[in-house]
Amino acid sequence: GTFPPPGLRTAGPCVERLRYRRVLMEEPRTALETWATAHGYTPSDEEIGGATPLLRSGLIDTTDQVYRGRLEDRDVLVAEFSIGSPDWSEQFGGSGTDSSVFTVMLVAVDPGRWPRLIVHPRSLSDHQWLRRLIRSDRDFDDLPEAFHDRYRVIASTDISDEQLRGLFTEELAAWWVSQPSDVLVDVEDHDEHGSFMTVAHAGVADGPGELDDLVAQTTHLMRLIDP
């Protein structure tokens with residue numbers, strides 16, 4: 001079937017949320033386009049909105065450009081994704097949305113182990129779209145100190161503390177905080193629609209090195225989340 005499955009982008013309670021794909025016409029090649037072409041990734045018209053909590057957290061979520069490729073033995077999508085949320089500009093005749101752009105990799109993982117897991121830098125905690133993610137989950141604080149200082153972990157109540165401690169080891173924490181840019185991760189199980197993991201950087205990738213980092217980070221985390 002398609003990846004993500006048909007209808008996945010409508011997951012979640014906000015049926016009024018709008019998603020559309022921005023058409024890029026006659027624009028200069030982006031770092032993502034150049035990197036994707038060099039690595040054998042092919043352009044796709046797939047929507048990724050809804051696959052994980054990050055990818056449905058705005059009122060207007062936009063898949064700006066997306067490419068399909070292979071990572072080890074799995075299909076992956078790499079994309080630039082914009083999350084639009086209400087902001088103060090609406091009060092003054094503005095667009096009413098504040099857009100946050102992320103460079104993301106999306107990969108399917110085996111279902112059942114991680115109903116929902118969200119890892120985000122604490123520096124993003126004040127964003128309206130992030131506050132909407134945590135309605136039915138819990139903060140998990142039993143983390144290595146260096147990691148806890150920089151990152152917030154929000155987990156489904158169906159994931160045990162023991163399982164979370166087994167993932168967030170001192171070794172993983174040291175790896176995570178040593179990365180050259182903050183790494184955001186979401187995993188969510190959609191039952192019959194499958195389970196997906198997003199690994200993301202805030203902003204548009206500024207060159208091939210950052211995209212190489214994103215691939216390495218996705219590979220490392222994929223092996224831990226879905227060994």
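Extension gain for Ala38 to Arg70 (0.36 nm times residue separation, less C-alpha to C-alpha distance): 10.2 nm. Stretched out straight at 0.36 nm per residue, the stretch from Val101 to Ala146 would grow longer than its current Cα-Cα span by 13.6 nm. Taking 0.36 nm per residue of separation and subtracting the current Cα-Cα distance, fully stretching the chain between Gln163 and Asp212 would add 14.7 nm.
Ranked by how many other Cβ atoms sit within 10 Å of their own Cβ, fewest first, the residues Leu184, Leu224, Leu55 fall in the order Leu224, Leu184, Leu55.
For GluC sites (Glu not before Pro), no site in the stretch 181-227 is both called loop by DSSP and has at most 13 other Cβ atoms within 10 Å.
Here, each number is a calculation from the coordinates, and none is a lab measurement. Here the structure is a predicted model, which means the values were calculated and not measured. Don't worry about glycine lacking a Cβ; one is built from the backbone with ideal geometry, like all the others, and counts go over all protein chains shown.
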